[in-house]
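**Student:** Questions regarding the structure given below will be posed in turn.
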Amino acid sequence: MSADPLFQLSDVSYSYGSVSALDRVSFRVDAGEQVVLLGANGSGKSTLLLLMDGLIFPSTGSVHVFDRPLTEEALEGDDFCRFFRSSVALVFQNADAQLFNPTVEDELAFGPLQLGLPEKEIRERVDSLTSMLGLEEMLKRSPHTLSGGEKRKVAIAAALSTNPSVLLLDEPTTGLDPRSQVWLAETLVQLRKAGKTIITATHDLSIVEDIADRAIVISEDHRLAADGAANDILSNRELLLSVNLIHEHAHRHGQMVHVHSHSHISDHEHDHGHP
Ligand SMILES: Nc1ncnc2c1ncn2[C@@H]1O[C@H](COP(=O)(O)OP(=O)(O)O)[C@@H](O)[C@H]1O
Ligand SMILES: [Mg+2]
């Protein structure tokens, strides 16, 4: 684990009008970490990512990033805004909300164009993302004609087009078929080797061990329920039950078996069935 602080959230609460979405959540993420944000539907994961991407701001508490407060005022400063926007990229839960260009190729070039990069460099970035993510056949197509899995790939490629050091992913496996899920896990491994910080919100326990070492768990009352090694959290049945990530039946016959079948480090597998 690197010692560079990247994000520091301190007592962050957020409400949409009268609807509470986060309640005094604090954690720190260091540069180069791969972290999952786990929680049941409605626990506040997407809200956390929006806060970390500077798209919304805490009702109370604070978010710091790169040792600076992440506030509306800070993002009004051109230099910081440009630095932050090129360093941190969010892939939305709903790829349709993110893709708006007429073709996939335009979608990939959009971020670099916004940064004012020279044409030659834009070309190179589009080409390298195309080959890295295997998008050759799709380049001239409209994003809206693509399948769910293809859209997700394009959305990830578009997020990577500015060469961000931090990638925020919101439920990236939603709508992916099993082969695309493997593709996603492999892509994240490559990005991890490239030293990126990757923060993934998910309620899909089966992907956790493939994509992160650390898990931050949000409860249904929008509080921090746990923060620790992904393996420890996946084997903490009581915790997972209490935050509604598993239920009794799923534990014995379904979901946990699914989780274990994906695990590489299977020390908690021995605990299965012997609580
Ligand atoms: N735009 C919104 N307006 C009102 N309430 C919202 C909005 N977005 C999310 N919420 C509410 O905030 C809470 C947290 O939502 P969200 O961050 O989307 O959770 P998750 O991503 O974990 O499913 C939920 O109760 C949800 O209904
Ligand atoms: Mg969500």
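**Student:** Run through the range 88-143 and list the trypsin sites (Lys or Arg not before Pro) located in a DSSP loop whose Cβ has at most 16 other Cβ atoms within 10 Å.
**Tutor:** Lys140, Arg141
**Student:** Ranked from the most accessible area to the least, with a 1.4 Å probe and all protein chains present, what is the order of Thr145, Thr130?
**Tutor:** In descending accessible area the options line up as Thr145, Thr130.
**Student:** Determine the calculated [θ] at 222 nm for the chain from helices alone, applying -39500 (n - 2.57) to every DSSP H run no shorter than 4 residues and normalising by the residue count; nearest 500 deg cm²/dmol.
**Tutor:** -11000 deg cm²/dmol
**Student:** Could you state the number of Å between the C-alpha centres of the range 169-239 and the range 98-162?
**Tutor:** Going from one Cα centre to the other spans 25 Å.
**Student:** Ok, one more. Where does the charge balance sit around Thr162 when Lys and Arg score +1, Asp and Glu -1, over other residues with C-beta under 11 Å from its C-beta?
**Tutor:** Working: positive: Arg82, Arg85, Arg125; negative: none.
Combined, the nearby Lys, Arg, Asp and Glu give +3.
**Student:** If the range 103-232 were replaced by its equivalent ellipsoid, with semi-axes equal to the square roots of 5 times the Cα gyration tensor eigenvalues, what would those be, largest first, whole Å? Could you put the intermediate results ahead of the total?
**Tutor:** Working: eigenvalues 168, 55, 35 Å².
Working from the Cα gyration tensor, I get semi-axes of 29, 17, 13 Å.
**Student:** Give me the Å³ per residue figure for the convex hull around the C-alpha atoms of the range 17-154.
**Tutor:** It is 154 Å³ per residue.
**Student:** Kindly state, as a whole number, the per residue volume in cubic angstrom of the convex hull around the alpha carbon atoms of the range 5-271. Kindly include the intermediate steps, with their values, before the conclusion.
**Tutor:** On the way: hull volume 35.0 nm³, N = 267.
Considering the Cα atoms of the range 5-271, their hull volume per residue is 131 Å³.
**Student:** Also, quick follow-up: Using a 1.4 Å probe over the heavy atoms of the protein chains, calculate the carbon and sulfur portion of the accessible area of the chain as a whole percent.
**Tutor:** Accessible surface attributable to carbon and sulfur in the chain totals 51 percent.
**Student:** Kindly work out what percent of the DSSP beta bridges joining two residues of the range 5-271 are antiparallel, to the nearest 5. Mind showing how you got there, number by number?
**Tutor:** Details: 20 of 38 bridges.
Counting DSSP beta bridges with both partners in the range 5-271, the antiparallel share is about 55 percent.
**Student:** Still on this structure: Roll a 1.4 Å probe over the protein heavy atoms and report the accessible area of His247 in Å², nearest 10.
**Tutor:** 100 Å²
**Student:** Moving on to the next point. Counting other C-beta atoms within 10 Å, and keeping those with at most 13, which DSSP coil chymotrypsin sites (Phe, Trp or Tyr not before Pro) do you find in the range 57-111? Display every interim value, and only then the final one.
**Tutor:** Working: sites: Phe66, Phe80, Phe83, Phe84, Phe92, Phe100, Phe110; in loops: Phe66, Phe92, Phe100.
Counting only loop positions with at most 13 other Cβ atoms within 10 Å, the chymotrypsin sites (Phe, Trp or Tyr not before Pro) in the range 57-111 are Phe100.
**Student:** Which of the residue pairs Lys153/Lys196; Lys140/Lys196; Lys45/Lys196 have a Cα-Cα distance greater than 26 Å in the structure shown?
**Tutor:** In this structure, Lys140/Lys196 lie more than 26 Å apart at Cα.
**Student:** Averaged per residue, what accessible area in Å² does the range 21-164 show with a 1.4 Å probe, protein chains only?
**Tutor:** Per-residue accessible area for the range 21-164 comes out at 44 Å².
The values are calculated or read from the model by the stated rules, or taken from the named source; none is laboratory data. In this text the structure is predicted, and so the values were computed from the model without any measurement. Here the Cβ is made from the backbone with ideal geometry for all residues, glycine too, and neighbour counts use every protein chain on show. SASA here: full protein model, heavy atoms, side chains in, ligands and nucleic acids out. Shrake-Rupley method; radii C 1.70, N 1.55, O 1.52, S 1.80 Å.
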